[in-house]
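Below you'll find the structure, written out as structure tokens, and then a few comments.
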Amino acid sequence: MSVIRAVACGCGRYLPERVVENAELALTIDTSDAWIRTRTGIERRRFAAEGEKTSDLSIVAARRALDDAGMTGSDIDAIVLATATPDQTFPSTATRVQAAIGMSGGFAFDIQAVCAGFVFALAQADALIRTGQARRAMVIGAETFSRILDWNDRGTCVLFGDGAGALILEAREGEGTSADRGLLATDLRSDGRYNELLYVDGGPSTTGSAGVVRMAGQEVFKHAVLKLAETGATALARAGLGTADVDWLVPHQANLRIMSMTAAKLGVPMERVVVTVQDHGNTSAASIPLALSVARERGQIREGDVVLMEAIGGGLAWGAAVLRW
Ligand code: COA
């Protein structure tokens, strides 16, 4: 049976220039390189320069994805941008990218599922493509989390970084089997009973300011491993595949221990897990597209490979997507 599939045809990333090593944080915060490395796997992260906005990071990543796909802005008819750190409450950061890349038609909007945002955005783009509302969609994950950190809370401020990644999806015909290229399945979940485990203590209708990240780290950790393994297995089953078919697991890059425990639960060996957390820290919605772009550059993900992505964040919101590149 002929079906429409959303097929990956280009990706790009941008990281701000400023590299902040763990040792630099330890100069002003009561922490150490050894503590951060052993608990999280993070060695360094990037911070946006003063005045450098989420849209600025997104625009560079978007242009690089267009180059990679051999396209221009006018070839794209939808942008779905996942961020929890938009330039402004409105307009959407996506429309700023739309204007900058010269995309005169179509539509662009932001979605908010925090660290799970890229997976949620992929599912939206997939639906738009499969229902004929877009032929080519750009999915962006972009964050400037350095703007919403409490520098007096060492349990959170050492974890996060800034960056942006973009992936272009194009409608192509498939056979409707797991051998097709493109997005094969997604699984989206949330449970608002866990709002208090990970949140920002401000916002337009509460304090009128952006607020800073608050997190019950150990609780989030426990939920993460269980929920990520479960959503990963569900998405794979929906795609008609098993863990043995997974060429690359591309998890949300929050913490190396979460990634390795989830991979073990799923039965995917670490040699098949894309890991970038050491260089990027937790970049929330940007972490998966950043990791995809790095993996493509490393020659890890090749055409035809099965890529399983999974992420969890505030909400709690979590989910997974299976893509044959
Ligand atoms: N540097 C040094 N010590 C630190 C520290 C830091 N940056 N942050 C916390 N500590 C201390 C604590 O104060 C505590 O000290 P105490 O024993 O004297 O009270 C000790 O380290 C242990 O703290 P705890 O919070 O139990 O550490 P942990 O092993 O749970 O690690 C996290 C903390 C945040 C690294 C871990 O819980 C985690 O990764 N959670 C998941 C977070 C995450 O990834 N969230 C994003 C999901 S999208």
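Derivation of every value follows stated rules applied to the coordinates shown; laboratory data play no part. Everything quoted here is computed from the prediction, not taken from an experiment. Don't worry about glycine lacking a Cβ; one is built from the backbone with ideal geometry, like all the others, and counts go over all protein chains shown.
Some observations on this one:
- Estimated inter-spin distance, Ala100 and Ala237, nm [label 7 Å along Cα→Cβ]: 4.1
- Potential lengthening between Ala210 and Leu149 on full extension [0.36 nm per residue; Cα-Cα distance subtracted]: 20.9 nm
- Ordering of 164-171, 312-319, 215-222 by packing is 164-171, 312-319, 215-222, highest average first (other Cβ atoms within 10 Å, averaged per residue).
- The chain - mean residue ellipticity at 222 nm from DSSP helices (-39,500 (n - 2.57) per run, n ≥ 4, rounded to 500): -10000 deg cm²/dmol
- Sites Ala49 and Phe107, calculated FRET efficiency, Cβ-Cβ separation with R0 35 Å, nearest 0.05: 0.70
- Positive-end residue of Thr95, Ala61, Ile129, charge dipole of the range 59-155 with Cβ unit charges: Ile129
- Here the dipole of the chain is about 360 debye; that uses its Cα centre as origin and unit charges on the Cβ of Lys and Arg (positive) and Asp and Glu (negative).
- What you get for the range 234-317, charging only the Cβ of Lys and Arg (+1) and of Asp and Glu (-1), is a dipole of about 180 debye around the Cα centre.
- Inter-label distance, nm, simple model (7 Å from Cα along the C-beta direction), Phe221/Ser2: 5.3
- For the peptides 293-302, 40-49, 244-253, the ranking by packing is 244-253, 40-49, 293-302, with the highest mean count of neighbouring Cβ atoms within 10 Å listed first.
- Ranked Leu15, Leu241, criterion: other C-beta atoms within 10 Å, fewest first: Leu241, Leu15
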